[in-house]
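Have a look at this one before I ask anything.
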Amino acid sequence: MSRIGKAPITLPNGVEMKVSDTNLVTVKGPKGELTQQVDPDLTIKVEDGEVNIERPTEQKRHRAMHGLYRALLYNMVEGVTEGFVKELELVGVGYRASNTGQLLELTIGYSHPVMFALPDEVKVETKMEKGKNPQVRLESADKQLLGQIAAKIRSFRKPEPYKGKGIKFADEQLRRKAGKAAG
């Protein structure tokens with residue numbers, strides 16, 4: 001049995017979940033509205049503030065889908081109530097970050113600034129303090145989209161293992177190498 005799939009999802013106050021005939025789940029809350037298409041084999045029951053997902057058989061595919069969709073629906077509920085935050089840090093001399101609305105401008109050691117347009121669902125905030133690395137703070141109700149955007153921004157200049165220069169997550173631990181001087 002899927003331990004994650006069996007666990008019920010409790011809906012907080014102010015959160016509303018609707019399930020259509022085609023298993024299209026819509027979650028509305030104070031931070032926004034999210035939709036997710038769920039596998040048609042699974043049945044979703046919303047009863048007095050609790051959501052339960054049931055599977056028809058013990059097939060490996062059904063067991064896998066059971067836990068997956070329960071986790072996705074839980075993330076949707078958490079997203080519309082509290083939202084998700086990812087923080088990126090730019091490590092390097094002369095690295096800068098600024099934003100104009102939904103347009104993020106990064107100066108990360110190339111001959112040109114990197115411009116990245118963010119979707120409307122993601123809020124961006126840049127912080128540059130003297131003596132600290134520039135930071136980019138991303139906030140969204142959609143965990144999947146937020147992770148994808150953060151990974152894309154990190155891919156512009158991944159942190160290198162010798163000095164640690166590049167774009168990294170704020171809570172990321174980098175594996176450092178000694179270099180040839182320590183050889």
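Being under 22 Å from the mean Cα position of the chain (by Cα) and at pLDDT below 95 narrows it down to one of Leu118, Leu145, Leu174, so name that one.
Going through Leu118, Leu145, Leu174 in turn, the sole match is Leu174.
Then there's this: For a quick check of your reading of the model, give me the residue pairs whose first member lies in the stretch 81-94 and is over 16 Å from Val124 (Cα atoms) and touching a residue at least 12 places away in the same chain (Cβ under 8 Å), whose second is crowded, with 18+ Cβ neighbours inside 10 Å and of a type in the set (Gly, Ala, Ser), with beta-carbon atoms closer than 7 Å and at least 6 apart or on different chains.
So the pair list comes out as Thr81/Gly29; Val91/Gly166; Gly92/Gly166.
Further question: I need the full set of residues from the stretch 7-58 which are of a type in the set (Lys, Arg) and exposed (fewer than 14 other Cβ atoms within 10 Å of the Cβ), in order please. Talk me through it step by step, then tell me what you get.
Initial filter on the stretch 7-58 (of a type in the set (Lys, Arg)): 18, 28, 31, 45, 55.
Matches in the stretch 7-58: Lys18, Lys45.
The rows are residues; the columns are (1) aliphatic (A, V, I, L, M); (2) exposed (fewer than 11 other Cβ atoms within 10 Å of the Cβ); (3) without any contact (Cβ under 8 Å) to a residue 12 or more places away in the chain.
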| position | (1), (2), (3) |
| --- | --- |
| Ser98 | no, no, no |
| Thr107 | no, no, no |
| Val114 | yes, no, no |
| Lys123 | no, no, no |
| Val136 | yes, no, no |
| Leu145 | yes, no, no |
| Lys152 | no, no, no |
| Ala178 | yes, yes, yes |
| Ala181 | yes, yes, yes |
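Please go through the stretch 21-40 and give me each residue that is assigned to a loop (DSSP other than H, G, I, E, B) and in contact with a helix residue (DSSP H, G or I) (Cβ under 6 Å, 6 or more places away or on another chain), ordered by number.
Let us first name the residues in the stretch 21-40 that are assigned to a loop (DSSP other than H, G, I, E, B), namely 21-23, 30-31, 38-40.
Listed by number, the residues that qualify are Lys31, Val38, Asp39.
Which of the residues spanning the stretch 134-150 are part of a helix (DSSP H, G or I), in contact with a strand residue (DSSP E or B) (Cβ under 9 Å, 6 or more places away or on another chain) and more than 12 Å from Leu118 (Cα to Cα)?
Within the stretch 134-150, the first condition is being part of a helix (DSSP H, G or I), and the residues that meet it are 143-150.
Now narrow it down to the ones that are in contact with a strand residue (DSSP E or B) (Cβ under 9 Å, 6 or more places away or on another chain): 143, 146-147, 149-150.
The answer is Lys143, Gly147.
Tyr74 passes all but one of (1) without any contact (Cβ under 8 Å) to a residue 24 or more places away in the chain; (2) outside any loop (DSSP other than H, G, I, E, B); (3) open to solvent by 70 Å² or more (accessible area, probe 1.4 Å); which number fails?
Every condition holds for Tyr74 apart from (1).
If you don't mind, another one. Testing Lys158 on (1) in a strand (DSSP E or B); (2) surrounded by fewer than 16 Cβ atoms within 10 Å (Cβ to Cβ); (3) touching a Lys or Arg at 6+ places or on another chain (Cβ under 9 Å); (4) without any contact (Cβ under 8 Å) to a residue 40 or more places away in the chain, one condition comes back false. Which one is that?
Condition (1) is where Lys158 drops out.
Going through the stretch 81-94 one residue at a time, which ones are open to solvent by less than 20 Å² (accessible area, probe 1.4 Å) and touching a Pro at 6+ places or on another chain (Cβ under 7 Å)?
Once the filter is applied, which keeps residues that are open to solvent by less than 20 Å² (accessible area, probe 1.4 Å) and touching a Pro at 6+ places or on another chain (Cβ under 7 Å), the stretch 81-94 yields only Leu90.
The values are calculated or read from the model by the stated rules, or taken from the named source; none is laboratory data. Since the structure is predicted, the reported quantities are computational estimates derived from the model, not experimental observations. So basically every Cβ, Gly included, is an ideal-geometry build from the backbone, and we count neighbours across all protein chains shown. Ligands, DNA and RNA are excluded from the accessible area calculation, which covers all protein heavy atoms including side chains. Shrake-Rupley method; radii C 1.70, N 1.55, O 1.52, S 1.80 Å.
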